[in-house]
Amino acid sequence: MTKIGLISDTHGTFDDKIKHFLDPVEQIWHAGDIGSLELADRIDAFRPLTAVYGNIDDHRVRSVYPKFRHIVCEELSVVMTHIGGYPGRYEPEARMWIEKVRPNLFISGHSHILKVINDKKYGLLHMNPGAAGYGYQGVRTALRFTVEGDRVAELEVGEF
């Protein structure tokens, strides 16, 4: 059992409210728009960070973090990117990764809108944690969950 914190679109923000919500997790996954390499380092110092870059991230962030990432946590296969779309409307490159890897979980960010959707066509769970940083969305959000073998369990939403 592995406890994961999932954030996106921090845009340079990693404050005490987010830290408090993520305190119980063992790892943090970040779906892009980190804000700076310095912020990524701060997050990684708090909990081990696995991330992808987003459209606002500069060349320094892009030199460290990829656009797409495939990871395996326990038996859960995960593909993560920043701009990926949604079930039935995936971006072409995201669809290519999904069809190639056949993950159990697909993660994207960018929209600032928290969504968790079952994709029956590809047999996966799609997660977008919304935005943990400030933006037009009003409410900042994050997710935390447990990986148990090849499935996601104990999914919780944080609002700030």
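The values are calculated or read from the model by the stated rules, or taken from the named source; none is laboratory data. Quick caveat: nothing in here was measured; it's all calculated off a predicted structure. A quick note on method: Cβ atoms are made from the backbone with ideal geometry, for glycine too, and the neighbour counts reach across all protein chains shown. With ligands, DNA and RNA removed, areas are computed over all heavy atoms of the protein, side chains included. Shrake-Rupley method; radii C 1.70, N 1.55, O 1.52, S 1.80 Å.
Sequence-ordered 3J(HN,Hα) estimates for the range 142-149 from the Karplus curve with 6.51, -1.76 and 1.60 and θ = phi - 60° stand at 7, 10, 9, 7, 10, 9, 10, x Hz, glycine and proline given as x. Across 10 Å bins from the origin, how do the percents of Cα pairs in the range 81-160 run, short distances first? Whole-percent P(r) values from 0 Å outward: 18, 48, 30, 4.
Taken per residue, the accessible surface of the range 86-160 reaches 51 Å², heavy atoms only and a 1.4 Å probe. Starting from the Cα-Cα distance between Val139 and Ser63, subtract it from 0.36 nm times their residue separation and give me the gain in nm to one decimal. Separation in residues times 0.36 nm, less the Cα-Cα distance, equals 24.3 nm. What's the carbon and sulfur percent of the chain's accessible surface, probe 1.4 angstrom, rounded to a whole number? The value for the chain is 49 percent carbon and sulfur by accessible area. Close amide H contacts of Glu26 (hydrogens built in the peptide plane, cut-off under 5 Å, sequence separation of 5 or more or a different chain): Lys3, Ile4, Gly5. With contributions of -39500 (n - 2.57) from each DSSP H run of at least four residues, the per-residue ellipticity at 222 nm computed over the chain stands at -5500 deg cm²/dmol.
Listed values (1) 0.93; (2) 0.97; (3) 1.89 include one computed from this model; for Cα Rg over 2.2 N^0.38 Å that value carries the label (1).
Pairs from the list Lys67/Lys100; Lys100/Lys120; Lys3/Lys121 with a Cα-Cα gap above 20 Å: Lys3/Lys121.
As a length-normalised measure over Cα pairs under 8 Å and 6 or more apart, the relative contact order of the range 115-155 settles at 23 percent. Sequence-ordered 3J(HN,Hα) estimates for the range 113-126 from the Karplus curve with 6.51, -1.76 and 1.60 and θ = phi - 60° stand at 10, 5, 8, 10, 9, 7, 9, 5, 4, 9, x, 9, 9, 9 Hz, glycine and proline given as x. Close amide H partners of Tyr86, meaning residues 5 or more places away or on another chain with modelled amide H under 5 Å apart, are Glu91. Put a plus charge on the Cβ of each Lys and Arg, a minus charge on the Cβ of each Asp and Glu, and nothing anywhere else: the dipole of the range 1-52 about its Cα centre is then about 160 debye. First measure r as the distance between the Cβ atoms of Arg95 and Asp15, then evaluate 1/(1 + (r/R0)^6) with R0 = 30 Å and state the FRET efficiency to the nearest 0.05. Computed FRET efficiency for Arg95 and Asp15: 0.30.
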